[in-house]
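The values are calculated or read from the model by the stated rules, or taken from the named source; none is laboratory data. In this text, all values refer to a predicted model and were calculated from it rather than measured experimentally. Don't worry about glycine lacking a Cβ; one is built from the backbone with ideal geometry, like all the others, and counts go over all protein chains shown. When the accessible area is computed, the model is the full protein with side chains, heavy atoms only, and any ligands, DNA or RNA have been set aside. Shrake-Rupley method; radii C 1.70, N 1.55, O 1.52, S 1.80 Å.
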Amino acid sequence: MAAAAALLHSSAVGGAPRPSSAKPKAKILPPPSLLVTRFSPSPLAAAAISSRISQLGSVLVADLHRPLPRQRRGGQIRASTAAAPPPLPAEVPKPKWEGADLKSLAFSVATGLLVWLIPPPQGVTSSAWHLLSIFLATIVGIITQPLPLGAVALMGLGAAVLTRTLSFAAAFSAFGDPIPWLIALAFFFAKGFIKTGLGNRVAYQFVALFGKTSLGLGYSLVFSEALLAPAIPSVSARAGGIFLPLVKALCLACNSKVGDGTERRLGAWLMLTCFQTSVVSSAMFLTAMAANPLSVNLATGSTGLAIGWTDWAVAAVVPGLVSLLVVPLLLYVIYPPTVKSSPDAPRLAREKLDKMGPMSKNEWIMTGTLIVTVGLWIFGSAIKVDAVTAAILGLSVLLTTGVVTWKECLGEAVAWDTLTWFAALIAMAGYLNKYGLIAWFSQTVVKVVGGLGLSWQASFGILVMLYFYSHYFFASGAAHIGAMFTAFLSVSTALGTPPLFGALVLAFLSNLMGGLTHYGIGSAPVFYGAGYVPLSTWWGYGFLMSVVNLVIWLGVGGFWWKLLGLW
């Protein structure tokens, strides 16, 4: 680079490069007019300048290709920092796939296509068979979850409309059903219950009284729900409006949260226990589940026998109490919470209550709203106010007072997701019945079992199993009862089953079968939607508890009913 500088200097003065040791002389710049004159060189000078510029370019190129000097530091020779290669560009991460699990989706679609391509049996219309294929594909998708449940169910409805199996109005008809909305409203109530701190206050009170062991805490919730069951005829309202907020608050108070690996600390066992016992309490009383009176009416029409509230309760009390005692304990053993005992929990809960101080204004508003809503659930039938209307009234109070905001309601993604998939399943299951598939299934079963020539006890046992486990195809106890109760009771009595015995057993099982899935009864999507228990676990323990309940109700219950003279 020094040679290039020398050439540049000599070009400027029009002579050869002078040695670098020569001292430069001070110069006085001429006036601007002379500068202009000197700026226009003669032809000979221009040629000299052009030659010097060419020489300068050659020297610059040589300098650029010359090896970089090395520096000696600390006794070592190393390349100058200028010789370091430029850093490699950082590897850009591949965008994460946010679509469906394609393998699970393909399996779901393949299931539906396989059933679709099988010719429908005699007596089944093509519309009913095609709807069955779409329903089964949706159920498989809900189990394997290639997408969130609401998205899977919406795709199922879309397939039904696209194939013209259902009209748009029919496919989305269940969005006008009160049960899915009651479940969604229950999540909004839970938001207010926890946001105001009332949930923590009540949870700490429960912990202070029963919290020395997780099992004691679970039993306190189970029997509290059973005591309320005969007064609140909606299992969805009991589960969503009262116990879901309380259970969630208890889980949070015990540091058991969704998504951070602490679900098994307490929440998973508590949610599963409260759900499985809710179907038991619904079976114990005539007024504990909205569809129970339907069973009584159908039984009266089929057999001519009247079943009163006391008749129902006396027959159900012994097997019901046994189930309420056994189910929580069994789940505690096979699906235990990681925190089983906490001797200091009651003391800590009392300290928390002291720190919370007196109830706030919003807590009082929440308390008053709950009292009014529950009161309407109990006595609303007298003034013709149903459960979902009462819940809307309660939510209106919370929104008006600012205890819960509409933005918070819109943010409850689980509520809207549950509303979507539950309404979709209700619609498809309802039209399976309307298209005659359920009636065909009932008649086929009746003919097969009736032709076996078995004793009435064995025949009734087969009918009970078929009636119970066919509930996988139903998203509502009322729909199942309306579709199959009369046919199965009629065949049972024709084969020699005592009419009152058969009617009561089928009525009890119409509640217990709701524990099979996460959509089989109103309390199922409420507790499952909390997110503490994986779907495969929910279904697995649902089947296991169904076996336990059948053993208790047909075993212990059968002995009790023998003492009562029902058979």
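Quick look at the numbers
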{"read-out": "Sequence-separation-based contact order of region 137-203, relative, with Cα cut under 8 Å and 6+ spacing, percent", "value": "15 percent"}
{"read-out": "Inter-site label distance for Leu348 and Ser536 at 7 Å from Cα along Cβ, in nm", "value": "3.3 nm"}
{"read-out": "Per residue solvent-accessible surface (Å²) - region 299-371, probe of 1.4 Å", "value": "54 Å²"}
{"read-out": "Additional length obtainable on full extension of the chain from Asn297 to Phe223, 0.36 nm per residue less Cα span", "value": "23.8 nm"}
{"read-out": "Accessible heavy-atom area order of Trp567, Trp377, highest first, probe of 1.4 Å", "value": "Trp567, Trp377"}
{"read-out": "Computed lengthening from Ser396 to Lys94, 0.36 nm per intervening residue step minus Cα-Cα distance", "value": "104.0 nm"}
{"read-out": "Over 30 Å between alpha carbons, listed pairs Lys191/Lys212; Lys447/Lys562; Lys103/Lys447; Lys212/Lys562", "value": "Lys103/Lys447; Lys212/Lys562"}
{"read-out": "Contact order normalised by residue count of region 324-431, Cα under 8 Å, 6+ apart, percent", "value": "17 percent"}
{"read-out": "Percent accessible area from carbon and sulfur atoms, region 201-256, protein chains only, probe 1.4 Å", "value": "71 percent"}
{"read-out": "Whole-number percent relative contact order across region 471-561, with pairs defined as alpha carbons under 8 Å at least 6 apart", "value": "29 percent"}
{"read-out": "Long-range HN-HN contacts of Leu286 with modeled amide H, under 5 Å", "value": "Ala313"}
{"read-out": "From phi via Karplus (6.51, -1.76, 1.60), per-residue ³J(HN,Hα) for region 283-289 in Hz, x at Gly/Pro", "value": "7, 7, 9, 4, 9, 8, 8"}
{"read-out": "Share of carbon and sulfur in the accessible heavy-atom surface of region 306-428 [1.4 Å probe, %]", "value": "69 percent"}
{"read-out": "For region 143-187, accessible area per residue (1.4 Å probe, heavy atoms of protein chains only), Å²", "value": "44 Å²"}
{"read-out": "Surface accessible to a 1.4 Å probe, per residue, for the residues of region 417-567, Å²", "value": "32 Å²"}
{"read-out": "Amide hydrogen neighbours beyond the local backbone of Thr213, cut-off 5 Å, H modeled", "value": "Ser342"}
{"read-out": "Solvent exposure ordering (accessible area, 1.4 Å, most first) of Tyr528, Tyr435", "value": "Tyr435, Tyr528"}
{"read-out": "Reachable aspartates and glutamates, given that their alpha-carbon falls under 16 Å from the alpha-carbon of Lys195 and they are not under 8 places away in the same chain", "value": "Glu363, Glu408, Glu412"}
{"read-out": "In region 332-388, the trypsin sites (Lys or Arg not before Pro) that fall in loop regions by DSSP, at most 11 other Cβ within 10 Å", "value": "Lys384"}
